[in-house]
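Working notes, beginning with the structure itself.
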Amino acid sequence: MTLIAPSILSADFACLAEQVGAAAAAGADWIHVDVMDGRFVPNITMGFVVVEALRAITELPLDVHLMIAEPERYVERFVRAGADVVTIHAEATAHVHRALQMVRNAGAKAGLAVNPATPLDWFDDVWGDLDLALLMSVNPGFGGQKFIERSLDRLRRLRERRDAENPQVLIEVDGGVNPNNAGVLARTGADVLVAGSAVFNSSPVAANIEALRDAIAG
């Protein structure tokens, strides 16, 4: 079963609790939280306070995606704030292995993300330290971007490596996910699909999640 993780980056923060509640009621599996620092990516979003607030209003797993430089400085604080999964970027730290160990030692599941032009080789030496492998299918920093088509081949190759090295690791795809590509992504190897603007838009959240489910099932 492919999980759906709505990204609150595209939600209306004036009624965040309502929108998260609607996603949960519609059957969302995780809530995806994009943390950006204005250094690693050209945007600034949210931090510990938002994760704490989300933890207080939902029982869904909080999937915290750190698009920040030197994430090892903050991973433990995000776990204390309520993160169930903490994903760091391979490109953002000189200490990938250490940062992943810090996440697990703090009590959360550890994820590693790579940007669209980053070699998949980054995963080779840390499969045993991972719970999640995140494949970016857009360049990180902004919501609403178009899916990079060559990401499908990267997903296929990542799945082959995962299956050979550690089948327990979940593969997550983030960027440009919508009902038009959710089905092929699930069939190609995505265990978790992050969807922002495809979930939080002018249409009802429940209808949008149903459309993703139908695409995955079809």
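Overview of results
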{"quantity": "Condition check for ASP121: out of contact with any Cys (no Cβ under 9 Å at 6 or more places or on another chain), surrounded by fewer than 16 Cβ atoms within 10 Å (Cβ to Cβ) and either acidic (Asp, Glu) or touching a residue at least 12 places away in the same chain (Cβ under 8 Å) (or both)", "calculated": "yes"}
{"quantity": "Top-ranked residue in segment 4-14 [being aliphatic (A, V, I, L, M), touching a strand residue (DSSP E or B) at 6+ places or on another chain (Cβ under 8 Å) and over 18 Å from GLY183 (Cα atoms); ranked as surrounded by the fewest Cβ atoms within 10 Å (Cβ to Cβ)]", "calculated": "LEU9"}
{"quantity": "Boolean, ALA5 is assigned to a loop (DSSP other than H, G, I, E, B), touching a residue at least 40 places away in the same chain (Cβ under 8 Å) and under 18 Å from LYS109 (Cα atoms)", "calculated": "no"}
{"quantity": "Count of segment 47-92 residues which are among the polar types (S, T, N, Q) and in contact with a helix residue (DSSP H, G or I) (Cβ under 6 Å, 6 or more places away or on another chain)", "calculated": "1"}
{"quantity": "Residue satisfying all of: in segment 148-172; hydrophobic (A, V, I, L, M, F, W, C) and not in a helix (DSSP H, G or I); nearest to GLY128 (Cα to Cα) among these", "calculated": "VAL169"}
{"quantity": "Cβ pairs under 9 Å, 6+ apart, first in segment 88-106 and more than 26 Å from ASN139 (Cβ to Cβ), second surrounded by 21 or more Cβ atoms within 10 Å (Cβ to Cβ) and of a type in the set (Phe, Trp, Tyr)", "calculated": "ALA106/PHE78"}
{"quantity": "Failed item in (1) free of Cβ contacts under 8 Å to residues at least 60 places away in the same chain; (2) buried (at least 20 other Cβ atoms within 10 Å of the Cβ); (3) in contact with a Ser or Thr (Cβ under 9 Å, 6 or more places away or on another chain), with VAL192 passing the rest", "calculated": "(1)"}
{"quantity": "Residue within segment 129-137 that is without any contact (Cβ under 8 Å) to a residue 24 or more places away in the chain and not aromatic (Phe, Trp, Tyr) present", "calculated": "no"}
{"quantity": "Extreme residue, farthest from LEU130 (Cα to Cα), among residues of segment 195-218 that are surrounded by 24 or more Cβ atoms within 10 Å (Cβ to Cβ) and small (Gly, Ala, Ser)", "calculated": "ALA198"}
{"quantity": "Number of the exception - VAL41 against (1) in contact (Cβ under 8 Å) with a residue 40 or more places away in the chain; (2) closer than 29 Å to MET1 by Cα; (3) under 16 Å from the mean Cα position of the chain (by Cα)", "calculated": "(2)"}
{"quantity": "Selected residue [buried (at least 19 other Cβ atoms within 10 Å of the Cβ) and within 24 Å of ILE8 (Cβ to Cβ)] from ALA106, ALA92", "calculated": "ALA92"}
{"quantity": "Identity of the residue in segment 158-185, touching a helix residue (DSSP H, G or I) at 6+ places or on another chain (Cβ under 7 Å) and of a type in the set (Gly, Ala, Ser), that ends up farthest from VAL85 (Cα to Cα)", "calculated": "GLY183"}
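All of the numbers you see were taken from the coordinates with simple rules; none came from a lab. Not measured: the values here are computed from a predicted model. A quick note on method: Cβ atoms are made from the backbone with ideal geometry, for glycine too, and the neighbour counts reach across all protein chains shown.
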